[in-house]
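This report refers to the structure that appears directly beneath it.
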Amino acid sequence: MAETYKETFGAKDYPYKVLGKNKPNITAADRVTGKAMFDYDYYLNGMLFSRSVHSPHPSAKIISMDTSKAEAVEGVRLVLTPFNYPDVFYEPRAYFAGHEIAAVVADTQDIADYACNLVEVEYEKLPHVLNMYDAMKSDAAIVWPDAEQNLETSEAGFFSEKTPEGLYAKRVNSPVQGFGDVEQGFKECDHIIEVDDIRHAMQHIPVSKGRGIMVDYNSSEPSKLVTYYTGSKGLYADRARNAGVLGVPLGKSHLVSPYASSFWGPGHIFGGPSFERANRIASFASRDLGKPVSHHYNYHEEMQISNYWQSLTRVKLGFKEGGILHAMDMTHTTESGKNTYTAERNAVRAGGMLAYNRNIQHMKLVTRHASAHRLIIFSYVGYGTMDGVFAVEMAMDQAAEAMGMDPIKLRQLNSMKKGGFDCAWSRPMAYCSAEGHAECFDAVAASTNWASKWGGWNAPNTKTGVVRSGIGAGQKTHTGGGWNGSAMLCKMFPDGTFELTSSMGDSGQGEPTGNLMMAAEVLGIPYERGSMIRGSTGFPYSIYLGGSTGTWNLGYSTWEAAQNVRKQVLTLGAQLFDNATFEDVDMDADGVFLKTNPTDKKTYVQCFAKLQTAPAFENRGGSYEVAGYAYRRALKGLCVPREKGACIWELDVDTETGGISNLRATTSDNVGFAMNPDALYNQQSQGANHGGPWSLWGGAVTDPSSGKLLSYNWIYDYPSTQMDITTTCILVELAGDESHPFGATPASEGQPNPHAAAISNAIYNAIGKRVIHTPFTPANILKALGKV
Amino acid sequence: MAEEEKEVKKGGVSRRDFIKGSGIVVGGAAIGSTVLAVACAPAEVEVPGPTQVVEKTVEIVKQVAAPGVTTLTVNGRSHTLKVEPEWTLAFVLREKLGLVGLKVGCDRGECGTCNILVDGRTSLACTMLAVESAGMNIVTIEGLANGPNLHPVQKLFLENSTFQCGYCTPGMIMSAVALLDKTSRPTVDQVKVALSGNLCYCSDYNRQVNTVLKGV
C-alpha cells in the first residue's frame, strides 16, 4: 500500500517567484505521450543487432571456438570471439557464469540470438569460488591470474592527522585510514560496543529497460566518425570512454542521450566496466561492417548482471559517559569488481566518518574488496551506500541499548555537524557546510509518534501473540554533492523567452526542471517561457548529474549564466533611459524598466535592438539573442553539504512464518531549500521503495555449483509494487549550503541508505532478535527466532 | 446453418467450431491462454465467453493460415502488413509500425510496461501475437491524444509530473485509462489494483495513486 502524507517541517516563506513551488517537469509532455526516446528506441537505416554468447562456467579458459555454424546462418554478418577480436574480449577467459565470451551480429535480434546458440565452445574448467566470504579464505581459488589473493586493501587515503591549525588537510595514502589514536581512544571510553559479521547484500532488482548502446561508425563522414546512442547521465565521460575503444578523436565522436531510464545498476547511466563490453562489441562491429550496430542486453542478461552485491563489516564504537561517540574502528569489505575500488570507501565514509563527525576524536578505517567468480564486471549494483550505513546504524542501535539510551537521542547527539570534517570524497579536503540530522529525526519521530510506540529496550519482552509490531530508526547520510563543475549556456530572446543548453542527461529526477526554475528566477521571467536543450555532447560540458545533486551542482553555473544574461539585457535596456546604467534598471516578464519608475517599461525587442549599432536596423531587435555561458564549481570555502536525513520503519513480524508485513516507512531529509518540493518527495518515496525491498526481498536464487542466476523473475527478485509499502515523506528545510545561490543541498542518491538498518532495528523491537544479515527473508527471521 | 446458429445462441460451443479450434496447435494454445486469463481475472472483470473464445480461435487460425499478411487497426488507422506468426504485437508495433512510445520491459508479461488497449481492455503487447490481434481495436500511447489535445489521463500525469524516468509511464497511463474509462471516480483500492501490474522502478507509487484518484 502507498498513501500520500506530506508535511513540511520548519518551512520558510521564501521570497521567490518561481522557486519553492511545484512545477511540472519540463519533459512531461514527452514522457506522457511516448515521445521520450530512450536508447533502445533509436532505429537507423541498415542497423544491425548484436547478441552475446555466455559462459555457463564460473571460471574457465576458452580453448577453442567453432563459429562456422553460426556464420552459416542467413542474416549473420559477423561473429566476434576472443580469437578474432582480442581488443573486445581481452583474453579467452570466463570469470563468472554468464560472462560474455563472444557475440553475433546479424540482421535481426532473433537471428543473432539463434546463431549464438550455434557457437561451439571448448572450455577448460578451472577452480572457482562463488562468494566473497569463501573467497577470503586462504585456500580459495584465486580469481585474477595476476593476484596472489582475492582480498585487497584499499590504500587511497582520505584522512590524516590534523594540521597545526586544526584542519584535516593532510592526505596520506595508507591501508589504515583515519586520525587520532584509536587504541588510546577506546581506553578513554566508558562504553564500547563491537559488532562483527554484519552482512549486507544489495540487490538492485531491475525493471528491464533494454540497456545497451548503439554505435554508428561512419567512415564516409570524417568530420563525425562515430555517434553513440545510449542512456547516460554523464555524456562527456561516457563519450571519452567509448571513443577510446577505437581511438576516435573526441572532436569526431558524438554521444546522444536525451533520456536515461531509471536503472542504476551495473554501468548504465553511470557508465562502468560492464557496459564497456557492449560498447566494444558494437564499436568494432560497426567499424568493420560499416553499419550501425545495436548491442542491448536482454531480460536474462540484465537480471544476471544485476545480481546481489555483498559486503562484510566489523564496527567497534567507543562512547564516553552520556553517549558521546569518541572512537570508531571499522573494517568494511565489499565484493567489488575489478576496476572498481570506490564502493567500499564510499560506504565507510557515509556510514561512519561523515554521519557521526560531531564528537569523534579517534577513527580507524580499513576498507577492502574481495573478488569472487561472480559479477566481476559491475561498478555499482544499486545506488547509495546502504552497506556501510547498515553496519554502523546496527551498531549504533546496539550501543544505545547497552547504554540504556533512546536510539534516536544517541544519534542526534553525535550526528554530522556543520563545519565538521567531510568524507573528502573529492580533493582537496572539505568540510560539511550543512547539518540537520537532529531535526530530521525530530520530524520522523513526531510523525510516527515514536515516543509512545518504541517503548524502550524492554519492549520486545512485553510483546505477545503470533504477530508482533516493531518500530526502528536509521540515519540517512550520503556522500552526494561533489564539487566538480558543469557548464550551462543561457540565452534570452527578444520575445521574452529564454533557453538553457547543457549536455546533461535526464532520468526524470527533475534536474532540468530545477535548473530552468533557477534561470527563470534570476531573469524574472515566467518559468513557462523557458526551454532546455540537452542530452548531447554537442552541448556544454556536464559531469554525471543525478537528482538533486544535479540540480545543486549545475545550479551554480545556471545561476551565473543567467546572471550574465541578466546583466547584458539590463545594460541594453539602460541605454533606452537617460543617464541610466544597468544598476538603475530591473526586468520582468514584459521588459526593462527604471527601478524608480516601473511603469515606463521598454520591451525586450527595443532592448535587443541596441545590439545593432546601425540606426537603420534598430527596429529589428527581434532576431537577436543575448547569451551567457558559465562553468562554475560548487567549491566555496571547501564546503560540501552532503545528504542528511532520517527514517523510521514500522512493521509486523509473524513469529510463526517469519513473514514481515504492514510495512510503513517515514522518511525525512534536510533539503536546505526545497526548490521543487514534488521532485524531492519523489526521491524520498523512491528511496523507501528501493532500500526497503532490497533488504527485505532481495532473494536471488543461484545455482550453487556455478553461481548462475536461476530466479529470472520478479517473484524471487521482488520489487515493490503499489501494494507493498506505505510511505510518508517529510521535507525539512533548515539552513542549507550557504555557498549555493539558493541554499539548496542534495537529497537524492543516498535515499536508500538507512532503510535496511531501520527495518532490522524494527524487527528487533518486535521480536527481540537482532538480524544482521540481509535479506530479511522469512527463513532468516525464523533462524533468528531459533525455529529453524 | 440454422442449427449451428442455434447451438451458438444457447451459449455452448458448436461441435464444428470446437473441432476447428482444437485441431490446430495454435488455436489450442489460444484457447489455453484465454482460459488462463479468465481464471486469473478479478470477478468484476468482463471476460469472453466460450463462444467468443471459439470465434477468436477461428480468427487466429485464419490469420495463421493466410500467407503472412495481416491487417491491424492501430490508433484508428488500418495497417496491412506481412507478419510472421511468431511475432509479438509489441515487436510489430515498435519495429514495423514505428510506435516506439510503446516500451518493452521484461518482454515476458511481468512488468506491464508494454500495456496497450485492445478493444478497450489493457493487454500486454509482449505476450500477444500480432496475428492474434487482427480485427481488434488497438490503442497505444500514441493514439490517446486527439491531435494536439492530450487525453485527460495524459494531462493528469503531465500536470502532476507523475513519472520519473518515464519508461513505465506509457504502460501505466494505459492502465489508468482503462480504469477511468470504467470508473471516473475510483477508490484508492481500485487504483492500486489497477496499477499494481505496472512495475515502476522509480517507485513514486504515492504520486501515481493520487494522480489517478483525481479522476477525469
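For the stretch A:443-522, give me every one of the strands (runs of 3 or more DSSP E) that falls completely inside it and has 2 or more residues that are in contact with an Asp or Glu (Cβ under 7 Å, 6 or more places away or on another chain) and open to solvent by 10 Å² or more (accessible area, probe 1.4 Å). Can you show your working first?
Values: elements: A:467-478, A:486-492, A:498-501.
Here the list reads A:467-478.
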* To do: Being in contact with a Gly (Cβ under 8 Å, 6 or more places away or on another chain) and of a type in the set (Val, Ile, Thr) is the filter; apply it to the stretch B:80-115 and report the residue that is nearest to the other protein chains (Cβ to nearest Cβ).
  => B:Val100
* Asked: Going through the stretch A:348-362 one residue at a time, which ones are surrounded by 23 or more Cβ atoms within 10 Å (Cβ to Cβ) and either more than 16 Å from A:Gly474 (Cα to Cα) or modelled with pLDDT under 90 (or both)?
  -> A:Val348, A:Arg349, A:Ala350, A:Gly351, A:Gly352, A:Met353, A:Leu354, A:Ala355, A:Asn357, A:Ile360
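Which members of the stretch A:146-159 meet the condition of being modelled with pLDDT of 90 or more and either loosely packed, with under 13 Cβ neighbours inside 10 Å or under 18 Å from A:Ile198 (Cβ atoms) (or both)? Walk me through how you get there before you give the answer.
Kept after step one, since they are modelled with pLDDT of 90 or more, are these residues of the stretch A:146-159: A:148-151.
Passing the criteria: A:Glu148, A:Leu151.
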* Given (1) farther than 18 Å from B:Lys103 by Cβ; (2) in contact with a Lys or Arg (Cβ under 9 Å, 6 or more places away or on another chain); (3) within 13 Å of chain A (Cβ to nearest Cβ), where does B:Val188 come up short, assuming only one miss? -> (2)
* To do: Could you check B:Gly147 against (1) more than 7 Å from chain A (Cβ to nearest Cβ); (2) small (Gly, Ala, Ser); (3) within 16 Å of the chain's Cα centre (by Cα); (4) under 23 Å from A:Lys35 (Cα atoms) and say which number it fails?
  => (3)
* To do: Residue by residue through the stretch A:696-744, note down the ones that are crowded, with 18+ Cβ neighbours inside 10 Å and free of Cβ contacts under 8 Å to residues at least 60 places away in the same chain.
  => A:Ser720, A:Thr721
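Each row is one residue, and each column tells you yes or no for (1) open to solvent by less than 10 Å² (accessible area, probe 1.4 Å); (2) touching a helix residue (DSSP H, G or I) at 6+ places or on another chain (Cβ under 7 Å); (3) more than 30 Å from A:Ala438 (Cα to Cα); (4) aromatic (Phe, Trp, Tyr).
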| site | (1), (2), (3), (4) |
| --- | --- |
| A:Tyr624 | no, yes, yes, yes |
| A:Asp654 | no, no, yes, no |
| A:Thr657 | no, yes, yes, no |
| A:Gln683 | yes, yes, no, no |
| A:His690 | yes, no, no, no |
* Asked: Which number in (1) part of a loop (DSSP other than H, G, I, E, B); (2) open to solvent by less than 10 Å² (accessible area, probe 1.4 Å); (3) assigned by TED's automatic domain parsing to the domain that holds A:Ala243 marks the one condition that A:Glu91 misses?
  -> (2)
* To do: Scan the stretch A:83-93 and give yes if some residue there is within 14 Å of chain B (Cβ to nearest Cβ), of a type outside the set (Lys, Arg) and free of Cβ contacts under 8 Å to residues at least 60 places away in the same chain, otherwise no.
  => no
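Return the residues of the stretch A:283-332 that are on the phi > 0 side of the Ramachandran plot and open to solvent by less than 10 Å² (accessible area, probe 1.4 Å); say none if nothing qualifies. Before the answer, list the steps.
Filtering the stretch A:283-332 down to residues on the phi > 0 side of the Ramachandran plot leaves A:290, A:322-323.
Selection gives A:Gly323 alone.
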* **Residue match in the stretch A:50-58 (condition: crowded, with 23+ Cβ neighbours inside 10 Å and either within 14 Å of chain B (Cβ to nearest Cβ) or modelled with pLDDT under 90 (or both))** => yes
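Yes/no matrix, rows are residues, columns are (1) within 14 Å of chain B (Cβ to nearest Cβ); (2) of a type outside the set (Lys, Arg):
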| residue | (1), (2) |
| --- | --- |
| A:Leu734 | no, yes |
| A:Ser748 | yes, yes |
| A:Ala757 | no, yes |
| A:Asn761 | no, yes |
| A:Lys769 | no, no |
* To do: Please name all residue pairs, on different chains or six or more residues apart, with Cβ atoms under 8 Å, provided the first residue is in the stretch B:197-208 and is in the same structural domain as B:Thr113 (by TED's automatic domain parsing) and the second residue is open to solvent by 10 Å² or more (accessible area, probe 1.4 Å) and charged (D, E, K, R).
  => B:Leu199/B:Glu110; B:Asn206/A:Glu3; B:Arg207/A:Asp678
* Asked: Pick from the stretch A:27-78 the residues that are part of a strand (DSSP E or B) and among the aliphatic types (A, V, I, L, M): which of them is nearest to A:Tyr217 (Cα to Cα)?
  -> A:Leu48
* Filter the stretch B:194-212 for residues that are at the interface with chain A (Cβ under 8 Å from one of its Cβ atoms) and in a helix (DSSP H, G or I) and give the result. => B:Leu195, B:Tyr205, B:Asn206, B:Arg207, B:Gln208, B:Val209, B:Asn210
* Structure fact -> Screening B:Ala130, B:Ala178 for residues that are open to solvent by less than 10 Å² (accessible area, probe 1.4 Å), more than 9 Å from every other protein chain (Cβ to nearest Cβ) and among the aliphatic types (A, V, I, L, M) leaves only B:Ala130
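For the stretch A:306-313, state whether one or more residues are at pLDDT below 80 and within 14 Å of chain B (Cβ to nearest Cβ). Please lay out each step first, then the result.
Step one: list which residues in the stretch A:306-313 are at pLDDT below 80, which gives A:306-309.
Those still in the list that are within 14 Å of chain B (Cβ to nearest Cβ) too: A:306.
Within the stretch A:306-313, one or more residues are at pLDDT below 80 and within 14 Å of chain B (Cβ to nearest Cβ).
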* Going by the conditions given, is B:Met136 more than 12 Å from chain A (Cβ to nearest Cβ) and touching a strand residue (DSSP E or B) at 6+ places or on another chain (Cβ under 6 Å)? -> yes
* Per-region count, the stretch A:298-330, residues touching a helix residue (DSSP H, G or I) at 6+ places or on another chain (Cβ under 7 Å) and within 24 Å of A:Arg241 (Cβ to Cβ) -> 1
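Only one of A:Val176, A:Val143, A:Val105, A:Val129 is modelled with pLDDT under 90 and within 33 Å of the chain's Cα centre (by Cα). Can you tell me which? Before the answer, list the steps.
Working: A:Val143 fails: modelled with pLDDT under 90; A:Val105 fails: modelled with pLDDT under 90; A:Val129 fails: modelled with pLDDT under 90.
So the residue among A:Val176, A:Val143, A:Val105, A:Val129 that is modelled with pLDDT under 90 and within 33 Å of the chain's Cα centre (by Cα) is A:Val176.
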* Inspect the stretch B:100-112 for any residue being open to solvent by less than 60 Å² (accessible area, probe 1.4 Å) and part of a strand (DSSP E or B) and give the result as yes or no. => no
* Any hit, the stretch A:667-674, residues being within 14 Å of another protein chain (Cβ to nearest Cβ) and crowded, with 24+ Cβ neighbours inside 10 Å -> yes
* Evaluate the stretch A:758-773: report whether one residue or more is open to solvent by 20 Å² or more (accessible area, probe 1.4 Å), under 24 Å from the mean Cα position of the chain (by Cα) and under 30 Å from A:Phe673 (Cβ atoms). => no
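Could you go through the stretch A:292-300 and let me know if any residue there is closer than 30 Å to A:Ser50 by Cα, touching a residue at least 24 places away in the same chain (Cβ under 8 Å) and in a helix (DSSP H, G or I). Break it down into steps so the answer makes sense when it comes.
Residues of the stretch A:292-300 that are closer than 30 Å to A:Ser50 by Cα, as a first pass: A:292-300.
Retained after the next criterion (residues that are touching a residue at least 24 places away in the same chain (Cβ under 8 Å)): A:292-300.
When the remaining residues are screened for being in a helix (DSSP H, G or I), the result is A:299-300.
Yes.
Yes/no matrix, rows are residues, columns are (1) in contact with a Phe, Trp or Tyr (Cβ under 9 Å, 6 or more places away or on another chain); (2) within 30 Å of A:Pro56 (Cα to Cα):
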{"site": "A:Trp649", "(1), (2)": "no, no"}
{"site": "A:Thr666", "(1), (2)": "yes, no"}
{"site": "A:Asn676", "(1), (2)": "no, no"}
{"site": "A:Leu696", "(1), (2)": "yes, yes"}
{"site": "A:Tyr718", "(1), (2)": "yes, yes"}
{"site": "A:Ser739", "(1), (2)": "yes, no"}
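The values are calculated or read from the model by the stated rules, or taken from the named source; none is laboratory data. Just so you know, these numbers come straight off a predicted model, no measurement behind them. As a convention, Cβ positions derive from the backbone with ideal geometry for all residues, glycine included, and neighbour counts pool all protein chains shown. All accessible areas refer to the heavy atoms of the entire protein, side chains included, with ligands and DNA or RNA removed. Shrake-Rupley method; radii C 1.70, N 1.55, O 1.52, S 1.80 Å.
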